[in-house]
Each structure stands twice: as C-alpha cells, then as structure tokens.
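The values are calculated or read from the model by the stated rules, or taken from the named source; none is laboratory data. All values derive from a computational prediction rather than experimental measurement. In this analysis, Cβ positions are derived from the backbone assuming ideal geometry, glycine residues included, and neighbour counts consider all displayed protein chains.
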Amino acid sequence: MTETNPTVLVVDFGAQYAQLIARRVREANVFSEIVSHDLTAEEVASLRPAGVILSGGPKSVRIEGAPTIDPDIYELDIPILGICYGAQLIARQLGGTVSQFEAGEYGRTSLQVTGGNLFDGQPAEQDVWMSHFDCITEAPEGFTVTAATKNAPAAAFENDRIFAVQYHPEVSHTPYGQQTIERWLDLAGIDRAWTMTNVIEEQVAAIRSQVGKGRAICGLSGGVDSAVAAALVHKAIGHQLTCVFVDTGLMRKNEGEQVVETFQKTQGIELIHVKAAEEFFTTLEGVTEPEAKRKAIGELFIRIFERTSGGIEDARFLVQGTLYPDVIESGDKHAATIKSHHNVGGLPEDMDFELVEPLRTLFKDEVRSVGTELGLPEEIVWRQPFPGPGLGVRIIGEVTPEKVLILQEADFIVRDELQKAGLEREIWQAFAVLPDIRSVGVMGDERTYGYPCIIRAVTSEDAMTADWARIPFDVLEAMSSRIINEVNGINRVAYDITSKPPGTIEWE
Ligand code: XMP
C-alpha cells in the first residue's frame, strides 16, 4: 500500500488470475496490490482501498469449500468489480442465481452488449475470453444485466457501485478488456496518476526515512534487480551506500567489468570489487556433482560477502532486490501463496541487518522501467535471468578457468547472434552449455578432438515452465559456424530441443 496513491486491491481466490489483473490496473496508472480472500471487511476498510476487484478462481462458486469473501465488504461503500469467479460470487452472495446452464464456455466467445455504464463507447457485439462451467442466470435484485453470450444469460451486470463480468477482461484475447478495466477505474472515480516517477520519488523518501544517517550495503550480482535496487538507494542516500560485488569468475564475458564500469564510474556508487575468481576455482577443484557444486559456490559466496561487509563499519542496513512476485509467492503479509518459490540462492536470513527492499511492490517490467529512468544502461536493464552459481552450472563436470574461458566465448556468440537477429527480447534465456565430453571432428586436413557446445534457448513467462525457442535455422547456423571458427577447443554444436518440464532450463 502506498501513502499517496490510490490503491486497488485485487482479491485472490487461489488461481493465477490476480497477478495479471494487478498488472493491468497498474498499466492503467493505478497502483494495485493482491490480497487474500480471507481478509475481513474491517481489514479491507483499514487498508482504505480506492476500489476492490474480485478476481477469477476455481471453476464454480457452488462446489463445497469454494472460497468466498466476508459479505460485509459489499457494504463498505467501495467500488467493486467482479471478474469471472468474482462475478459469480457477487451474484451468489447478493441474492442472484448461479447455476448450471446448457454448457460451459471456454475461449473466444461472442458477447452481446445490451447497455450499461461499463460498456460505454464499446461495440454492441465483441469477442471476449471465457472460462466457466457454471453461469449466472439471474443478477441480484437492484442490478441491471448489461451483456449476454449464448451460454451466459447474465454475462455482465451492474448497479451504481458494483460491476461484474463473467469473462476475463485482463487477458489479451479480450480486445476491449483493458478499456473495460480503465472504464471501471474511471467510473469508480479513481485518479489514474501512478507512474514510475511517482514510484521513484516515493521510494527515495521511504528509504531516507528508514535509513536516516545510517549506512547501507548492497550485494550486486550483475542482474537487473540488485542493480536497480542499488541505483534507487544510491539516489536516496548517496555515499551512505556501499555496494559489494563478489566477482566469482563465473560470470558471462565482460560482465564483471561492466558492473564496475556502470556502478563505480558512471553512477558514482561506492563499490567494493572483490576479485574472488581464484578462490572459487580452488574451491571447485575436483567437484563434479551438481548439487555439491551449487552448495560449494553458494557457501563461498556467503563467506566472502560476510567477510567483506563485516569490514564496512556501522553497516546496519542490507539492500535487497526483492520483487513483488517473490513477496506474493512467499505468502507474505496479506498476499496469498500462489506457487512454490524457486530458491534464488541469496543471502542467509540470519544476517544481522535490517532489510531495505525498495522494489517489493514492483513487477519485473516495472523494475526495468525504474532502471531506465534511473539511467542504467540497456544491457543491465534488459539482462536475461542468470543463475546465482553462474557458469558453474553450465559447465558439466569439473569447473576450470580454461573451461570458463571457452564457455564465455561460445556464450557471447550465442547472445550476440540473437541480438543481431533482433530476437533477444522474445527469448527468455539463451546461452551455451559445455558438457564434459569430447568428440572427433575434422578442420582443414586436421583431425580434431574437442568439446561440443550445446545451445540452450527457451521462451517462458516465469521460468516455471518453458519451451525450446524456435530460433530460425539461419540464426542457429550463424551461431554454430562462428562458435566453431572462433572458439578454440569447440568442434561441434548441438541445439537443445527439450521443454520444461520434463527438462529444466539450466543443465545442472
Ligand atoms: P531451472 O533450471 O530450474 O531454472 O529450470 C529456472 C530459472 O531459475 C534460474 N536459476 C537460478 N536463479 N539462483 C538463481 O538466482 C540459482 O541458483 C538458480 N538456478 C537456476 C534459471 O536460470 C532459470 O531462469
């Protein structure tokens, strides 16, 4: 909840619609947060929301144990929008009828608009995206039915303050969906003025009041989240912030130098650059088992971070780039638990610091906008996700400095060719993997015996599932021939065509 911006609460009923709805509301320049359906009316009132959206959820409100909300919420004089399950819930709790009709509706469906404030300015016939088994056959008393489809006689209904739609306005397959959400915000009288500039100003003030004259430290990983968090905190407290960059030697080509260049030289941030590659290579000698490798890298990282931050006098605050999806996923505060959390391998919880988390309310794309507005370079703002243990989990078997050099070169070519083809923002991650085998080849008249390299490129929304990217053959060909010609030690290139599941994105 922010102090100065009106907030729309999106009530989550345990499906994954709430996040998308919250993002659409934010796209309409209104701050929004996800809350659990078990908040009481009193708790909702104390959050002083400008509006409440009841999101989609399980298939039917009629099944036993289906989640509901405290009916007193309807009495709070707060504008409400019900979507899909939320619409059915409003109908049922306020005295309408939800029942089984001839058939459910799934996917693109034609909607006939018969009136209503919500649809002002929209065509009388339009496509919407449906996903329901039961339907609302009768709106509650005092409501007007404003739209219907073949199998949903009350596909939308409204009174002065409460609006409901059976379809999903938040998905891109509903062409007038965003317009509908924006119209509801306007009907609710909500000021649409939330921007990234607001976020920066507000967070700068919050950081100053939290940290006061204290000293904060921030671990930089080279990734976008810690980079934006650091830049934001630096804007707020300047030299009271010290960043620690543990250079493991397992980053991609030139990435270590780029972190130093960006933060120390361009942003003027106080940076301790710990060149720890040798220490990591020594620790990794002879370690081949994937979990042992991850553990060894993680533990050494923490030891070095603790050693370094311990030397920063009076540091009481630790800056972390926690994002909103992490907050929702870990079921913090009122946010519901949506899915199990991928272990990002961060710092231990028992470190004796007070946390500063200026990105806690933001989605990834919003963090990127903040980063751009703070003047961070595109290469950092648009960086693909990168695992904490770095190239260590992309070198199968023992990690050695020689193998890291080979992989850095091959990986650079993969990303360079992808960028030249203009595909890098469509691809979730693209990288090279170096397996622990060698094969025979021929170059010129010479027999070669070198490593193969595997190109891995996936499309994904959230890394929980992924598909192998259908990269055009000529782009793959350019990658392959450049890798073999330019990278000493590689004589063969393969493309990984495994989706997740059953594969994972990383190889270890
Ligand atoms: P997998 O390989 O499990 O990876 O499909 C899913 C996503 O998580 C990234 N990943 C990590 N990120 N620390 C991180 O911060 C880690 O230890 C780690 N391991 C995997 C991976 O790159 C992909 O985006």
>> Just the residues that are in contact (Cβ under 8 Å) with a residue 60 or more places away in the chain and among the polar types (S, T, N, Q), please, taken from segment 102-121.
In response: Asn117
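So, of the residues in segment 418-438 that are under 15 Å from Ile490 (Cβ atoms) and surrounded by 13 or more Cβ atoms within 10 Å (Cβ to Cβ), which turns out to be farthest from the ligand (Cβ to nearest atom)? Steps first, please.
Initial filter on segment 418-438 (under 15 Å from Ile490 (Cβ atoms)): 431-438.
In the following step, the residues that additionally are surrounded by 13 or more Cβ atoms within 10 Å (Cβ to Cβ) were identified as 431-435, 438.
Details: Phe431: 8, Ala432: 13, Val433: 11, Leu434: 16, Pro435: 16, Arg438: 25 Å.
Checking each candidate, the answer is Arg438.
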> In segment 387-399, what residues are more than 8 Å from the ligand (Cβ to nearest atom), of a type outside the set (Lys, Arg) and either in a loop (DSSP other than H, G, I, E, B) or surrounded by fewer than 16 Cβ atoms within 10 Å (Cβ to Cβ) (or both)?
Replying inline: Ile396, Gly397, Glu398, Val399
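Kindly check whether there is at least one residue in segment 488-497 that is in contact (Cβ under 8 Å) with a residue 40 or more places away in the chain, within 16 Å of the ligand (Cβ to nearest atom) and either closer than 11 Å to Cys453 by Cβ or in a loop (DSSP other than H, G, I, E, B) (or both). Full working, then the answer.
Step one: list which residues in segment 488-497 are in contact (Cβ under 8 Å) with a residue 40 or more places away in the chain, which gives 488-496.
From what's left, within 16 Å of the ligand (Cβ to nearest atom): 496.
Narrowing the set further to residues that are either closer than 11 Å to Cys453 by Cβ or in a loop (DSSP other than H, G, I, E, B) (or both) leaves 496.
Looking for residues that are in contact (Cβ under 8 Å) with a residue 40 or more places away in the chain, within 16 Å of the ligand (Cβ to nearest atom) and either closer than 11 Å to Cys453 by Cβ or in a loop (DSSP other than H, G, I, E, B) (or both), one finds at least one in segment 488-497, hence yes.
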>> For segment 405-417, give me each residue that is away from the ligand (no atom under 16 Å from the Cβ), closer than 24 Å to Thr504 by Cβ and either aliphatic (A, V, I, L, M) or in contact with a Phe, Trp or Tyr (Cβ under 9 Å, 6 or more places away or on another chain) (or both).
In response: Ile406, Ala410, Ile413
> Among the residues of segment 448-471, is there at least one that is more than 16 Å from the ligand (Cβ to nearest atom), assigned to a loop (DSSP other than H, G, I, E, B) and closer than 18 Å to Arg383 by Cβ?
Replying inline: no
>> Would you confirm, using the coordinates I've provided, whether Glu402 is closer than 30 Å to Glu291 by Cβ, of a type in the set (Asp, Glu), more than 14 Å from the ligand (Cβ to nearest atom) and modelled with pLDDT of 95 or more?
In response: yes
>> Can you say whether Arg23 is touching a helix residue (DSSP H, G or I) at 6+ places or on another chain (Cβ under 9 Å) and surrounded by fewer than 20 Cβ atoms within 10 Å (Cβ to Cβ), as far as the supplied structure shows?
In response: yes
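On the basis of being touching a residue at least 12 places away in the same chain (Cβ under 8 Å) and in contact with a Cys (Cβ under 7 Å, 6 or more places away or on another chain), does Leu250 make the cut?
Working: touching a residue at least 12 places away in the same chain (Cβ under 8 Å): yes; in contact with a Cys (Cβ under 7 Å, 6 or more places away or on another chain): no.
Judged against the criteria, Leu250 is not a match.
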> For the subset of segment 197-225 comprising residues that are modelled with pLDDT of 95 or more and in contact with a Pro (Cβ under 8 Å, 6 or more places away or on another chain), which member is farthest from the ligand (Cβ to nearest atom)?
Replying inline: Ala206
> Name the residues in segment 285-322 that are part of a helix (DSSP H, G or I), touching an Asp or Glu at 6+ places or on another chain (Cβ under 9 Å) and within 15 Å of the ligand (Cβ to nearest atom), would you?
Replying inline: Pro290, Glu291, Lys293, Arg294, Leu300
> Does Gly238 count as over 25 Å from Phe412 (Cβ atoms), free of Cβ contacts under 8 Å to residues at least 40 places away in the same chain, in contact with a Gly (Cβ under 9 Å, 6 or more places away or on another chain) and part of a helix (DSSP H, G or I)?
Replying inline: yes
>> Any residue that is more than 21 Å from the chain's Cα centre (by Cα), buried (at least 17 other Cβ atoms within 10 Å of the Cβ), on the phi > 0 side of the Ramachandran plot and modelled with pLDDT of 95 or more - is there at least one of those in segment 499-508?
In response: no
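Here is a yes/no grid of residues against (1) surrounded by fewer than 17 Cβ atoms within 10 Å (Cβ to Cβ); (2) within 16 Å of the ligand (Cβ to nearest atom); (3) at pLDDT below 65:
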{"site": "Ile338", "(1), (2), (3)": "no, no, yes"}
{"site": "Gly346", "(1), (2), (3)": "no, yes, yes"}
{"site": "Phe353", "(1), (2), (3)": "yes, no, no"}
{"site": "Pro358", "(1), (2), (3)": "no, no, no"}
{"site": "Lys364", "(1), (2), (3)": "yes, yes, no"}
{"site": "Ser369", "(1), (2), (3)": "no, no, no"}
{"site": "Val381", "(1), (2), (3)": "no, no, no"}
{"site": "Pro385", "(1), (2), (3)": "yes, yes, no"}
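Do you know which residues across segment 161-208 are among the hydroxyl-bearing types (Ser, Thr, Tyr) and either surrounded by fewer than 22 Cβ atoms within 10 Å (Cβ to Cβ) or assigned to a loop (DSSP other than H, G, I, E, B) (or both)? Let's see the steps before the verdict.
Quick first cut of segment 161-208, residues among the hydroxyl-bearing types (Ser, Thr, Tyr) only: 167, 172, 174, 176, 180, 195, 197.
Within segment 161-208, Tyr167, Ser172, Thr174, Tyr176, Thr195, Thr197 meet the criteria.
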